[in-house]
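Colleague: Questions regarding the structure given below will be posed in turn.
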Amino acid sequence: MKIYTKTGDEGKTSLFGGRKLLKSDLRIEAYGTVDELNSWIGLLRDVSEDNLQRELLKKIQDRLFTIGSELAADPDNQKLKVPDLLESDVELLEQEIDKMDEQLTRLRSFILPGGHVFVSYCHLARTVCRRAERLCVALNQENEIPPLILKYLNRLSDFLFTLSRKMAHDMGVEEVNWQPRK
């Protein structure tokens with residue numbers, strides 16, 4: 001199988017199920033952003049030295065592929081079988097957030113992204129996750145998508161924020177609180 005097919009040379013791509021859409025279509029933007037997020041999660045996994053964290057990040061990547069599969073499937077083709085996202089996937093994120101949060105100081109102000117390159121990677125992943133969520137919300141206005149996708153992306157951005165704080169804590173990096181001008 002060749003990597004290039006030349007079928008997209010005129011700005012269109014096919015959904016699973018065959019229907020062609022412009023590459024600028026909201027559905028393509030949504031699953032393309034989920035794919036971008038998956039790459040950022042891969043980078044986080046690569047820089048992590050914690051084996052349990054690396055395994056969790058791989059699970060998150062697997063779930064993002066599940067979400068991408070759902071978004072890339074033609075919603076009019078009911079015969080397609082795509083992997084399922086489960087409520088337990090959201091619950092896992094919540095459990096991990098709670099575990100990390102137990103080790104962190106109480107959040108009292110907004111935090112500026114940065115302090116260490118690994119922390120910054122978390123914040124970049126978090127902002128891409130928020131963008132993916134916004135695109136999925138917009139797509140949901142046009143074509144209903146499974147509500148669990150929106151819930152998972154929302155919780156994942158919370159997880160990534162908490163992970164950024166946990167990484168800073170573990171590396172002894174001071175969080176920079178935002179101080180509004182007075």
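Colleague: Pull out the extension gain between residue 177 and residue 26, defined as 0.36 nm times the separation in residues minus the alpha carbon to alpha carbon distance; nm, one decimal.
Modeller: Between residue 177 and residue 26, full extension yields an extra 50.8 nm.
Colleague: Based solely on its DSSP helices, what 222 nm [θ] is calculated for the chain when runs of n ≥ 4 H residues each add -39,500 (n - 2.57) and the sum is averaged over all residues, nearest 500 deg cm²/dmol?
Modeller: Theoretical 222 nm ellipticity from helices: -21500 deg cm²/dmol.
Colleague: Let me ask you something else. Let me check I've understood the local charge: for residue 59, count other residues with C-beta under 12 angstrom from its C-beta, Lys and Arg +1, Asp and Glu -1. What total comes out? Write down the numbers at each step before the final one.
Modeller: Values: positive: 45, 54, 58, 63; negative: 55, 62, 89, 96.
With Lys, Arg at +1 and Asp, Glu at -1, the net is 0.
Colleague: Fewest first, what order do 29, 94, 49 take by the number of other Cβ atoms within 10 Å?
Modeller: 49, 94, 29
Colleague: While we're here: For segment 27-51 and segment 102-133, what is the separation of their Cα centres, given in Å?
Modeller: Here the two parts' Cα centres lie 15 Å apart.
Colleague: Still on this model: Rounded to the nearest 0.05, what FRET efficiency do residue 120 and residue 51 give with R0 = 35 Å and r taken as the Cβ-Cβ distance? Could you check?
Modeller: According to the calculation, E is roughly 0.95.
Colleague: Further question: What is the extension gain from residue 99 to residue 141, computed as 0.36 nm multiplied by their sequence separation minus the C-alpha to C-alpha distance, in nm to one decimal?
Modeller: Difference between extended and current length: 11.7 nm.
Colleague: Taking a temperature of 25 °C and a viscosity of 0.890 mPa s, what whole-number D in µm²/s does Stokes-Einstein yield for segment 1-52 with Rh from Kirkwood over alpha carbon pairs?
Modeller: Rounded, D is 184 µm²/s.
Colleague: Normalise the Debye intensity by I(0) for the chain, one equal point scatterer per Cα, no solvent, then take log10 at q = 0.14 Å⁻¹ and round to two decimals.
Modeller: -0.81
Colleague: Here are some pairs, 58/81; 99/151; 6/58; which of them have Cα atoms lying more than 28 Å apart in this structure?
Modeller: Violating the 28 Å limit, Cα to Cα: 6/58.
Colleague: Within 10 Å, count the other beta carbons around each residue, average over each peptide in 111-119, 81-89, 174-182, and list them highest first.
Modeller: Order by mean packing, descending: 111-119, 81-89, 174-182.
Values in this text are rule-based calculations from the coordinates and carry no lab data. Predicted model only: the values in this text are computed from it and were never measured. Virtual Cβ from ideal backbone geometry, glycine too; neighbours counted across all protein chains shown.
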